1. Run down Ala417, Ala398 and say which single residue is aliphatic (A, V, I, L, M), in the same structural domain as Ser373 (by TED's automatic domain parsing) and in a loop (DSSP other than H, G, I, E, B).
2. Any idea how many residues of region 119-136 are over 17 Å from the mean Cα position of the chain (by Cα) and without any contact (Cβ under 8 Å) to a residue 60 or more places away in the chain?
3. Given the conditions (1) in a helix (DSSP H, G or I); (2) at pLDDT 95 or above, report the number of the one that Asn464 does not fulfil.
4. Output the residues belonging to region 379-412 that are among the hydrophobic types (A, V, I, L, M, F, W, C) and modelled with pLDDT of 90 or more.
5. Scan region 114-146 residue by residue and report those that are touching a Gly at 6+ places or on another chain (Cβ under 7 Å) and either in a loop (DSSP other than H, G, I, E, B) or among the basic types (Lys, Arg) (or both).
6. Would you tally the residues in region 207-233 being assigned to a loop (DSSP other than H, G, I, E, B) and under 21 Å from Ser327 (Cα atoms)?
7. Are any residues in region 387-401 within 16 Å of the chain's Cα centre (by Cα) and either touching a residue at least 24 places away in the same chain (Cβ under 8 Å) or farther than 15 Å from Ala366 by Cβ (or both), and if so, which ones?
Amino acid sequence: MSSQTGLSGLNSAAKNLDIIGNNIANANTVGYKVARAEFADLIASTVGSGGGSSDGIGVAISSISQQFTQGGINVTGNGLDVALNGAGFFQLKQIDGTIGYTRDGQFKLDKLGNLVANNGANIMGFPTDSTGNVTSSTAEPMSIPAGAPIPAKSTTKVTTVFNLDARAPIAANVYPPLSISTYGTTMNGYDSQGLETPITLAFVRTGPNPSAVPPITTDQWDVFDATTMTAGSAALALDAPIGAKNATDYALDKKNTALNLANGNTALPTYANAGTNGTPAIPAPLPLPSASLTPTAPSTLPSGALFQITFDAAGNMIPLAPQPKLSLQSPNPAVAPNVVTLELGGTTQYGTAFGVIKLEQDGYTAGNLTGVSITETGKIQTKYSNGQSQIRGQLALADFRNNQGLAQIGGSWVETAASGPPLQGAPGDGQFAEIRPGAVEESNVDLTAMLVDMMTAQRSYQANAQTIKTQDQALQTLVNLR
């Protein structure tokens, strides 16, 4: 009997050494969870045999359990590496079609654009639209369309925020005239084919100007684009010498204003009086060009401007209603113009230099895939050569009531009756782990502890071998009795 007891101890100690050796071998395996041998003693007695104690008949390993404690986070800088910091597993669709679970976040793209693990299993996730909104709660294999470029998108909105210098002079009173582009900027919009179309905006200060006819009492600026700047420059060239003269000669200003009113020229910004006192003759009204911006009220401006913006006493722009519309003409005459909303909200008039605070538009040309990364919320982000980025799905996580009940197969775990069904969710939701992009979770093996355990297991093996040796010597003594 003692030999059998010692043999069970040898077998158990050998298996324990195997488990410890496997832990040590996987000390550098990403996402590996340390295993532990759990022993149980074997009793020789049977139920109803009586007696208060029974001799044991050895030991057996009742279970090999894995410890799902958190491993260290190792930063790699790889855009497709992700570490789980907390509870949960990545979901895999194995090559044979079964669903597996892993903590190994070393993901890659295969030749077809599928997001896969090192063993070729597909990574599961929730589908989203291009902005990252989840469109289904059913997990599916994640795939990135890598072959074709994303199509171009025509510009539909231009958002601009400026500061217009409150110290700027009234343009009609400056001679020689200011360049109409003194306060302006240019950006590129796009048509439906992705062709660039320049969008130019220029601002000319027209008020307050008590010398105008009728007088302008508000902080007011005219807004021009490329198609109206020529007409605006011509208007400034006529206004500037007259306005500058009137601004320094009150009597002449009063006389010119009266003549203009008498002649019915209330809409003209000029101060002409048919040559009286050496001032220029009344110019003909400037024809309004074909504007690329649909003007707001007033619908026509003698300066050729598209529309006007005004400011309150605090220097804040008074909101425009409705927002101006830009008809963006493609360089390709076969492509119809696209209508663009121009948003100027937040524009100010302060006593500082003219500055562009914000200048954005929502169009872009076609672009090829240049990179893929995973965000902190588990969303798969693609980047393109046109500077755009899109979301192509969100990683799906799963957790179990009994992680110890999972079965380990081929470097991943699979569901069993003991583990219970998986609970699915997204990273950071409820009980689920947070994602650390550009990093991996290291093995939770403690090498120091494993080496100590190995020495203990070795001593146990030696001790069990010694019991067998001692039993053999006792039997030999018994056989030698005469």
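The values are calculated or read from the model by the stated rules, or taken from the named source; none is laboratory data. It should be emphasised that the depicted structure is a prediction, and the values quoted were computed from it without experimental measurement. Here Cβ is always computed from backbone atoms with ideal geometry, including for glycine, and neighbour counts include all displayed protein chains.
1. Numbers: Ala398 fails: in a loop (DSSP other than H, G, I, E, B).
Exactly one of Ala417, Ala398 is aliphatic (A, V, I, L, M), in the same structural domain as Ser373 (by TED's automatic domain parsing) and in a loop (DSSP other than H, G, I, E, B), namely Ala417.
2. 4
3. So Asn464 meets the others, but not (2).
4. Filtering region 379-412 for residues among the hydrophobic types (A, V, I, L, M, F, W, C) gives 380, 391, 395-398, 400, 406-407, 409.
Correct list: Ile380, Ile391, Leu395, Ala396, Leu397, Ala398, Phe400, Leu406, Ala407.
5. Result: Asn119, Ala121, Pro127, Ala139, Met142, Ile144, Pro145, Ala146.
6. The initial filter retains those residues of region 207-233 that are assigned to a loop (DSSP other than H, G, I, E, B), namely 210-215, 225-228.
Filter again for under 21 Å from Ser327 (Cα atoms), leaving 225-228.
Within region 207-233, residues that are assigned to a loop (DSSP other than H, G, I, E, B) and under 21 Å from Ser327 (Cα atoms) number 4.
7. The initial filter retains those residues of region 387-401 that are within 16 Å of the chain's Cα centre (by Cα), namely 387-395.
Passing the criteria: Gln388, Gln390, Ile391, Arg392, Gly393, Gln394, Leu395.
Yes/no matrix, rows are residues, columns are (1) assigned to a helix (DSSP H, G or I); (2) modelled with pLDDT of 90 or more:
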| position | (1), (2) |
| --- | --- |
| Ser8 | yes, no |
| Asn23 | yes, yes |
| Ala40 | no, no |
| Ser45 | no, no |
| Ser49 | no, no |
| Gly58 | no, no |
| Asn78 | no, yes |
| Leu84 | no, yes |
